[in-house]
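Here is the structure we will look at.
Read the figures in this text as sums done on the coordinates, not as results from a lab. The model shown is predicted, which means the values in this text are computed figures rather than measured ones. Every residue, glycine as well, gets a Cβ built from its backbone with ideal geometry; the counts of neighbours run over all protein chains shown.
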Amino acid sequence: MKDFKIITVDQVGIGDRVSRITKRSVKNEAKIHGLRMALNMIDLTTLEGADTINKVKQLCYKGMHLHDAYPDLPTVAAICVYPNFVGLAKEQLKGSGINVASVATAFPSGNSSLEVKITDTKMAIDAGADEVDMVISRGKFHQGEYNYVFDEIAKIKETCGKNVRLKTILETGELGSLDNIRRASDIAMHAGSDFIKTSTGKISPAATLPVTLVMLEAIKDYYYETGIQIGMKPAGGISNSKLALQYLMLVKETLGDKWLTNQWFRFGASSLANDLLMQLEKQRSGNYQSKDYFSKD
Amino acid sequence: MSKKETKLNLKSNWDLAPSLESTSHVKLKNKYDLFIGGKWVKPSSGKYFDTINPATEEKLASIANGNKKDVDLAVKAARKAYDTTWSKLSGKERGKYIFRIARIMQEKAKELAVVETLDGGKPIRESRDIDIPLAANHFFYYAGWADKLDYAFPNRNPKSLGVAGQITPWNFPLLMAAWKIAPALACGNTVVLKPAETTSLTTLLLAEIIEEAGLPAGVVNIVTGAGDTGAEIVNHSGIDKIAFTGSTGVGKIIQNAIAGTDKKITLELGGKAANIVFEDAPLDQAVEGIVNGIFFNQGHVCCAGSRLLVQESVYDIVLRKLKDRMESLIVGNPIDKNTDIGAINSKSQLDTINHYIKLGKEEGAEIYQPEGKLDKKGYWCKPTLFTGVAQSNRIVQEEIFGPVLAIQTFRTIEEAITKANNTPYGLSAGVWTDKGSKIFNMTSQLRAGIVWANTFNKFDPTSPFGGYKESGFGREGGLHGLEAYLSFEN
């Protein structure tokens with residue numbers, strides 16, 4: 001983008017690279033390390049119209065006590081809720097080290113005025129959100145109004161200030177091509193996002209490995225260009241350990257160790273944690289336990 | 001914005017644990033005889049040679065050393081089978097036998113993959129996902145043609161040739177045997193085949209499969225041995241057709257040897273392919289293609305993209321991306337499922353590669369190899385880049401047949417084409433650009449038998465493969481591959 005270069009993406013080539021990655025065999029101690037890392041990178045999420053006070057309370061407790069039967073487990077990275085539950089989550093998570101992330105900006109469609117979006121964001125921040133997950137205006141993007149998309153992200157980042165990290169959701173399932181995903185990633189990073197994120201979880205397809213690879217490569221180019229590290233968050237549809245480890249392998253081979261921490265990589269997921277726990281127990285005991293040994297909150 | 005120091009740590013602390021493919025299902029014999037006339041026959045000299053695992057230098061088995069007498073026996077067996085059974089069978093019946101071979105290969109795919117890796121040093125990922133499935137697919141594909149030759153060549157009255165003498169290389173042992181045997185059988189010929197001496201095992205397992213498939217005795221004969229055994233096949237008067245895959249040097253000797261005879265011949269020889277990356281290419285995927293082009297099978301690939309031509313405007317960025325990508329390539333035990341680059345096939349090939357690496361340095365080229373230790377035992381070579389080279393450098397001109405890439409820049413399409421064609425070889429080439437019209441422009445001007453666009457080293461039984469210039473002549477694969485095993489006299 002900067003040097004007047006257009007960056008194109010070849011879908012077949014992305015597929016080839018992804019298939020190489022998914023054939024990596026992660027076993028034994030490497031697997032345990034990966035599973036623990038993945039647990040610690042989860043943004044445990046509830047984004048339902050039916051969310052209630054007690055649902056959010058229960059989710060917060062789960063985030064802090066993933067599986068007490070297993071010693072020295074990490075916690076999740078953050079709990080992700082709608083703005084009106086931020087205050088409650090903040091209170092529940094006090095002292096746990098777990099962040100509160102809030103979706104904002106007329107999530108999930110993003111179809112509203114900039115004013116409303118800023119107010120929405122402010123509401124989340126005032127209630128104590130540590131992180132804001134915004135959505136880009138996909139309609140404007142498809143209309144070719146890239147400056148509008150850019151300015152909107154920049155404004156929301158301004159609202160967030162330095163201390164609240166901004167994750168920008170591209171909603172890749174609505175962007176139509178890998179070229180567009182690359183372009184949206186570049187726009188979001190240059191506009192000041194701290195993280196780029198694939199999906200709201202409300203649109204299918206949500207996160208995929210090819211899409212994530214395109215975004216990781218964009219992050220890498222941006223890092224080389226500016227020295228600024230941007231985080232990555234695939235979200236939606238990542239519900240089993242095998243897939244989570246494949247995502248981490250993608251990060252390891254594209255961006256390396258610097259990104260293999262929950263400061264720079266997150267999974268937006270609601271049911272991944274239990275599968276990771278089940279695999280960890282399998283590694284420890286040699287047997288798969290019943291799903292009912294793991295709490296469902 | 002002030003630019004901060006940027007460096008990625010791609011040699012991650014998160015190391016993968018060993019993940020070895022099981023070898024317990026493989027039962028190799030201590031000693032392999034010659035497969036002649038449907039029987040396992042001791043070599044007339046009584047001599048055997050060792051085949052070793054290049055990753056450990058340990059002996060895997062003894063292989064019979066065939067000589068003139070053995071070759072003569074094999075050619076006679078093949079002639080007898082041709083005259084009495086195979087040429088008289090209907091295409092449909094031949095097809096059934098070939099299908100049977102393909103199916104048994106699929107059933108034994110895991111065993112074949114493991115043996116290919118043990119004997120040749122290639123990563124199990126490749127033998128499992130590429131060599132073996134592709135070899136089986138060649139049999140499937142040509143089985144389908146066996147009863148349709150008249151439709152493949154309408155009004156040309158295709159007829160089989162007789163006995164085909166075939167010599168295969170050590171880089172894709174089973175796959176090359178499949179490329180040669182499948183079309184020969186489909187067209188009604190019988191075969192005497194000699195695999196390369198460092199990698200005979202999977203061809204011998206294929207002979208066992210052929211035995212199991214119940215092919216009439218003598219239709220396929222396998223005579224193992226080194227170059228002199230191959231020479232006996234080439235010079236035998238009972239051979240009607242020679243099919244050779246190997247070095248250009250040997251190819252020239254063969255062509256000399258058969259001059260004045262009525263033997264038909266196809267040669268698939270060396271290469272020094274240009275992989276051309278334009279500034280509008282999908283660069284990250286181009287880098288993947290560069291890696292696949294030169295580091296696939298340790299660079300022991302005749303169509304390897306061993307010369308990289310990058311448009312100067314994106315040279316720095318491509319080089320950086322390539323070096324980053326090389327950090328995550330795992331060099332090591334071929335039987336480990338995570339290995340990307342296995343063992344060099346033989347001591348002598350490692351010496352050749354090291355000779356060229358030394359030469360490159362002496363010529364003043366800049367060398368790059370990722371950090372990391374190699375095992376003491378076994379034959380290993382790190383993935384290697386040479387920059388700052390010109391067309392005049394020997395490492396740019398000569399085929400190295402190892403994981404060594406020479407990188408040059410160009411400014412215009414014309415310059416790219418000139419440089420790409422400026423080689424005695426002409427086997428393959430690659431073009432990377434987002435622009436379709438540029439691809440078609442390039443493909444019509446590149447003097448290479450295979451041109452890949454936005455990909456590299458992709459193979460398919462339906463697609464013909466073969467060279468221009470000193471990369472050989474004749475085509476293997478596809479409809480064209482049949483033609484090499486047929487005559488069209490009325």
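One equal scatterer on each Cα of chain B, no solvent, Debye formula: the resulting log10 I(q)/I(0) at q = 0.08, 0.12 Å⁻¹ is -0.48, -1.07.
The alpha carbons of the range A:80-176 occupy a box of 45, 25, 19 Å along the principal axes, longest dimension given first. In the calculated pair distance distribution of the protein assembly as shown, what percentage of Cα-Cα distances lie above 40 Å? Looking at the protein assembly as shown, the distances longer than 40 Å represent 44 percent of pairs. With the cut-off at under 18 Å, measuring from each backbone N in the range B:461-490 to a point 7 Å along the Cα-to-Cβ line of B:ASP150 picks out B:486-490. If you sort the three axes of the alpha carbon gyration tensor as a ≥ b ≥ c, you get a/c of 1.5 or more for the range B:153-306 and a/b above b/c, which makes it prolate.
Pull out a ≥ b ≥ c, the square roots of the eigenvalues of the alpha-carbon gyration tensor of the range B:274-453, then state rounded if a/c is under 1.5, prolate if not and a/b is larger than b/c, and oblate in the remaining case.
prolate
Every helix of 4 or more DSSP H residues in the protein assembly as shown counts as -39500 (n - 2.57), and over all residues that averages to -12500 deg cm²/dmol at 222 nm.
Evaluating 6.51 cos²θ - 1.76 cosθ + 1.60 at θ = phi - 60° for every residue in the range B:271-281, the Karplus couplings come out as x, 8, 6, 8, 10, 9, 10, 8, 5, 8, 6 Hz, glycine and proline recorded as x. Each label point was placed 7 Å from the Cα along the Cα-to-Cβ direction; for A:LYS94 and B:TYR368 their separation is 5.5 nm. Across every pair of non-identical alpha carbons in the range B:156-232, the mean reciprocal distance, once inverted, gives a Kirkwood radius of 12.7 Å. Here the Karplus curve 6.51 cos²θ - 1.76 cosθ + 1.60, taken at θ = phi - 60°, turns the phi angles of the range A:257-269 into couplings of 4, 4, 9, 8, 9, 6, 6, 10, 9, 9, 10, x, 7 Hz, with x standing for Gly and Pro. Here's how it looks for A:VAL135: its modeled amide H is under 5 Å from those of A:ALA104, A:ILE169, which are all 5 or more places away or on a different chain.
Would you please name the trypsin sites (Lys or Arg not before Pro) within the range B:328-379 that are DSSP coil residues with at most 15 other C-beta atoms within 10 Å of their C-beta? Answer in residue order: B:LYS373, B:LYS376, B:LYS377.
Under the rule a/c < 1.5 gives rounded, and otherwise a/b versus b/c splits prolate from oblate, where does the range A:11-285 land using the Cα gyration tensor? Cα axes put the range A:11-285 in the oblate bin. Using the Cβ-Cβ distance between A:ASN240 and B:LYS458 with R0 set to 41 Å, the FRET efficiency works out to roughly 0.85.
When the Cα positions of B:VAL389, B:LEU149, B:SER87 are compared along the charge dipole of the protein assembly as shown, B:SER87 comes out farthest toward the positive end, with charges on each C-beta of Lys, Arg, Asp and Glu. Simple spin-label estimate for A:ASN163 and B:ASP351 gives 7.1 nm between the two label positions (7 Å along the Cα-to-Cβ direction from each Cα). Of interest is the spacing of the C-alpha centroids, which for the range B:144-203 and the range B:32-53 amounts to 21 Å. Stretched out straight at 0.36 nm per residue, the stretch from A:GLU48 to A:LEU73 would grow longer than its current Cα-Cα span by 6.2 nm.
Give me P(r) over the range A:33-93, computed from all C-alpha to C-alpha distances, binned every 5 Å, as integer percentages. P(r) over the range A:33-93, rounded to whole percents: 4, 19, 30, 21, 14, 9, 3, 0. The mean count of C-beta atoms from other chains within 10 Å of the C-beta of residues in A:6-18, rounded to a whole number, is 6. For A:VAL116 and A:GLN289, the FRET efficiency from 1/(1 + (r/R0)^6), where r spans their Cβ atoms and R0 equals 56 Å, is about 0.75. Inter-chain neighbour count for A:22-29: the average number of beta-carbon atoms from partner chains within 10 Å of each residue's beta-carbon is 5.
Distance from the alpha carbon centroid of the range B:80-102 to that of the range B:293-351 works out to 41 angstrom. Close amide H pairs (under 5 Å, H built 1.01 Å from N) link B:ASN65 with B:LYS47, B:TYR48, B:PHE49, residues at least 5 positions away or on another chain.
Here, the range B:382-473 has an Rg and a Dmax of 13.7, 39 Å when only alpha carbons are counted. Inter-chain neighbour count for B:338-349: the average number of beta-carbon atoms from partner chains within 10 Å of each residue's beta-carbon is 1.
Whole angstrom only: what separates the Cα centroid of the range A:157-181 from the Cα centroid of the range A:1-52? Value for the Cα centre distance between the two parts: 16 Å.
When B:VAL431, B:VAL404 are sorted by how many other C-beta atoms sit within 10 angstrom of their C-beta, beginning with the fewest, the order is B:VAL404, B:VAL431. Using the Stokes-Einstein relation with a Kirkwood hydrodynamic radius computed over Cα pairs, the translational diffusion coefficient of the range A:190-297 at 37 °C and a viscosity of 0.692 mPa s comes to 219 µm²/s.
Comparing A:LEU250, A:LEU39, A:LEU114 in a Gaussian network model of chain A (Cα springs below 10 Å), the most mobile by mean-square fluctuation is A:LEU114.
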